[in-house]
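Structure record follows, encoded as structure tokens.
Any read-out appearing in this document is the output of simple, stated calculations on the displayed coordinates, not a laboratory observation. Because the structure is a prediction, the values reported are computed rather than measured. Virtual Cβ from ideal backbone geometry, glycine too; neighbours counted across all protein chains shown.
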Amino acid sequence: VRHLLNTDEILGVRLLTIHNLHCYMDFMRDIQTALEAGAFTQFRRTIRETVIKE
């Protein structure tokens with residue numbers, strides 16, 4: 001993918017978009033699961049501790 005981006009190939013951008021959408025959909029599914037389980041507060045805390053760097 002890096003080579004495709006470095007050579008301005010549109011396929012590189014498309015592959016990254018697909019990857020990013022997949023990650024976003026997984027994240028949204030995790031949020032939905034936490035909400036349904038009544039555990040969103042803990043989920044949010046975990047995300048803040050592991051993903052968000054301040």
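A compact table of results
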item	result
Residues within region 37-54 that are closer than 15 Å to F27 by Cβ and surrounded by 12 or more Cβ atoms within 10 Å (Cβ to Cβ), tallied	5
Filter result (surrounded by 11 or more Cβ atoms within 10 Å (Cβ to Cβ), without any contact (Cβ under 8 Å) to a residue 12 or more places away in the chain and hydrophobic (A, V, I, L, M, F, W, C)) within region 7-36	L11, V13, F27, A34, L35
